[in-house]
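**Student:** Below is a structure I'd like to ask you about.
The values are calculated or read from the model by the stated rules, or taken from the named source; none is laboratory data. The structure displayed is predicted, hence computed values, not measured ones. Here the Cβ is made from the backbone with ideal geometry for all residues, glycine too, and neighbour counts use every protein chain on show.
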């Protein structure tokens, strides 16, 4: 029987909910040994909700030899420091997205993990939804043919109260707004399917809908090395919130992924459909309005990588690609940026 993976959770804020649910469903493979937050209130609420052991010190997590890996769920600007400490303590890391607040800090974090031999995976659970996995298989098998156009749309709704939380949507804590916090999931899935574009021309803005430092609207035009074109739109102004959309047009057909629903139409008459499930999207007022199914699959993928010394599906090195795309959109201001 495979040894249980010993996990220490770091950070017990909003993002901990789907992870805790997933971990409770994985108790045959994973044991949560510590759940750390400096907040007495958060520790008490987490223990009451999930029945998992908590601690008031990060040192207790990192010093425990039973802890094989840490699950880092703290604000983005804390990630580099925590991963440096975890790597020095010989712990593998499953890190909530984004990697860090800037591309430079994200690159540094990945380098730290690689230098220490630490397995680093990033929480980008859209890769693990069944419809997304089916689309990956179709693309890998060449069913759509050569790429013609790729479009990614994130149309979420966040009320002003969401951004009134101290630090949320700021450059210092979050690195920006909709791109790094919400759209990163859909953009990462797009890149995992079709690769990075060669050139990006982007625009970002903060609309009158929100009072915040980061962007709540972003658009970009893409050109790929083989001549294919693409487009990106992302916002948290789209009331009441809609599932992510990813459309791939190829020489042999088109695939449309809307949330958890997949529709593929090929020129030879083939129709492939996967109906939407009830796992939710988190696109509306409740950012946690989704199930933990994809998180569970992602955590299992990470546990398998630790057990075998293999590479997780959403490795830190691979996820740097979506960070480079987002950095280019933010930098562009209407001028083409090469990747």
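**Student:** Being in contact (Cβ under 8 Å) with a residue 60 or more places away in the chain and closer than 17 Å to residue 184 by Cα is the filter here, so list the residues in the stretch 105-136 that pass it.
**Tutor:** Within the stretch 105-136, 106, 107, 121, 122, 123, 124, 125, 126, 127, 128, 129, 132 meet the criteria.
**Student:** When only residues in the stretch 257-282 that are more than 27 Å from the chain's Cα centre (by Cα) and outside any loop (DSSP other than H, G, I, E, B) count, which is surrounded by the most Cβ atoms within 10 Å (Cβ to Cβ)?
**Tutor:** 266
**Student:** Could you identify the single residue in 200, 139, 178 that is crowded, with 20+ Cβ neighbours inside 10 Å, assigned by TED's automatic domain parsing to the domain that holds residue 252, touching a residue at least 12 places away in the same chain (Cβ under 8 Å) and under 23 Å from residue 260 (Cα atoms)?
**Tutor:** One residue alone meets the criteria, 178.
**Student:** Of everything in the stretch 213-238, what is in a loop (DSSP other than H, G, I, E, B), in contact (Cβ under 8 Å) with a residue 60 or more places away in the chain and either outside the structural domain of residue 160 (by TED's automatic domain parsing) or within 22 Å of the chain's Cα centre (by Cα) (or both)? Give them in sequence order.
**Tutor:** Matches in the stretch 213-238: 215, 236, 238.
**Student:** Given the conditions (1) touching a helix residue (DSSP H, G or I) at 6+ places or on another chain (Cβ under 9 Å); (2) over 20 Å from residue 306 (Cβ atoms); (3) modelled with pLDDT of 95 or more; (4) surrounded by fewer than 18 Cβ atoms within 10 Å (Cβ to Cβ), and given that residue 74 satisfies all but one, which numbered condition is not satisfied?
**Tutor:** Result: residue 74 fails condition (4) only.
**Student:** Can you pull out the residues in the stretch 46-68 that are closer than 18 Å to residue 15 by Cβ, outside any loop (DSSP other than H, G, I, E, B) and within 25 Å of the chain's Cα centre (by Cα)?
**Tutor:** Hits for the stretch 46-68 are 46, 49, 50, 58, 61.
**Student:** Quick one: which residue in 17, 26 is in contact (Cβ under 8 Å) with a residue 40 or more places away in the chain, over 29 Å from residue 168 (Cα atoms) and either in a loop (DSSP other than H, G, I, E, B) or within 20 Å of the chain's Cα centre (by Cα) (or both)?
**Tutor:** Answer to the selection: 26.
**Student:** While we're on this one: If we scan the stretch 93-104, do we find a residue that is under 28 Å from residue 293 (Cα atoms), part of a helix (DSSP H, G or I) and out of contact with any helix residue (DSSP H, G or I) (no Cβ under 7 Å at 6 or more places or on another chain)?
**Tutor:** no
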